[in-house]
Each structure stands twice: as structure tokens, then as C-alpha cells.
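Enquirer: Starting off with a structure, shown below.
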């Protein structure tokens, strides 16, 4: 009977540890944010389509660099971004049009950019 009690206690500890890990993982995922914005022409203010937008963490993590392209109206969005400081880069093909530092806090952020036509 004592052996069975020890097994139950060990099992309870493992279950409690597993629940703790799940709670920590869920909490970290809940902190991920969305960065979105619109890229417009300096000349006429119209959205610029098909530009490449890169989001690069200030602490380089090559496996984490996010890349997207602008929609027809010039909008872009990055989802699942942890709070922190990033470099936001905009390209037309291989030509870099814009680069800026962006800091995301718990509120998320909207980053609108104007580029030369």
C-alpha cells in the first residue's frame, strides 16, 4: 500500500509539472502581438502594392526573420510577434526603400510608411 501511495504522489507531481509548463507556454503565446501598417507613395499618398516588408529582431535570430508583401492598397501585417525591438525594412525587388527601428510593447503597433514613387 505504501508503494502505491508513492506512485500516486509521483504521478501527481508529474501532472502538476506538466500543467505548469502548459500554463507558461499559453501565457507566452498570449503576449504575441500584431504589427500592421500601410506603405504609401510620398507623391500622391496612394498605397504601394507588391513591396517586400521584412521584420528583423534587434537580437538576430535568423530563424525568426519575418517577411511579407504589401497588398494592393499598400497594407501589410505581421502576426505572432513577441514584444521587443525590431528593424522594419521595405524593398522593391532588391532595392531597399526604407529602414526603421520599431519597438513593440503590449499594445501592438501600427507603422505607416511613405516611400519615394
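Enquirer: Pairwise over distinct Cα atoms, reciprocal of the mean inverse distance: report the Kirkwood radius of region 33-117 in Å, one decimal place.
Expert: Computed over region 33-117, the radius equals 12.9 Å.
Enquirer: Only counting other Cβ atoms within 10 Å, I'd like 50, 89, 63 sorted with the fewest neighbours first.
Expert: 63, 50, 89
Enquirer: I've got another one for you. Kindly state, to the nearest 0.05, the FRET efficiency for residue 85 paired with residue 46, given R0 = 30 Å and r defined as their beta-carbon distance.
Expert: 0.50
Enquirer: A follow-up question, please. Please work out how much length the chain gains when fully extended from residue 96 to residue 61, using 0.36 nm per residue of separation minus the C-alpha to C-alpha distance, in nm with one decimal.
Expert: Length gained, residue 96 through residue 61: 10.5 nm.
Read-outs throughout are calculated quantities, based only on the coordinates presented, and are distinct from any laboratory measurement. Given the structure is predicted, the values throughout are model-derived calculations rather than measurements. All Cβ positions, glycine included, derive from the backbone under ideal geometry; neighbour counts span all protein chains shown.
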